[in-house]
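Just below is one structure, and these are the notes that go with it.
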Amino acid sequence: MKPGKSVKDHMLTMIAHFNVTKNLGATIDQETQVDMVLNSLSDMFSQFTVDYHLHKMNMSLTKLMNELQNMESGLKGKVGYAHATIASSSGSKPKGASREQKTQ
């Protein structure tokens with residue numbers, strides 16, 4: 001998975017590759033496809049991969065993509081929250097604050 005690429009785009013690329021191999025006559029079973037996807041994910045999905053194997057989950061590629069998108073959304077929300085918390089606790093004024101004070 002390329003840095004900065006969404007998990008949805010990555011999954012669609014992987015599914016396209018699986019379709020090409022099928023059209024060329026090769027068959028890759030669903031379990032192997034899921035393993036290939038899980039092994040290709042960025043490190044931010046490492047806990048998901050561990051949980052998937054630990055709980056012996058069995059998902060279609062579509063279901064896997066939905067679960068990964070949900071996780072990605074949650075992780076992005078936490079990252080945004082962390083940045084907002086750090087910025088607000090830094091004690092520095094936002095750039096717009098000085099302009100706002102001039103107009104008052």
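Bear in mind that the values in this text are calculations on the coordinates, not laboratory data. All figures in this text were calculated on a predicted structure; none of them were measured in a lab. Positions of Cβ are generated from backbone atoms using ideal geometry, with glycine treated the same way; all protein chains shown enter the neighbour counts.
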- Item | Binned Cα-Cα distances of segment 7-86, short to long, each 10 Å bin given as a whole percent | 16, 46, 25, 9, 3, 0
- Query: trypsin sites (Lys or Arg not before Pro) within segment 4-72: which are DSSP loop residues with at most 15 other Cβ atoms inside 10 Å?
  - Reply: K5, K56
- Pop out the ³J(HN,Hα) list for segment 51-63 in order, Karplus 6.51 cos²θ - 1.76 cosθ + 1.60 with θ = phi - 60°, rounded to Hz; leave Gly and Pro as x. 4, 4, 6, 4, 8, 6, 5, 9, 10, 6, 5, 5, 5
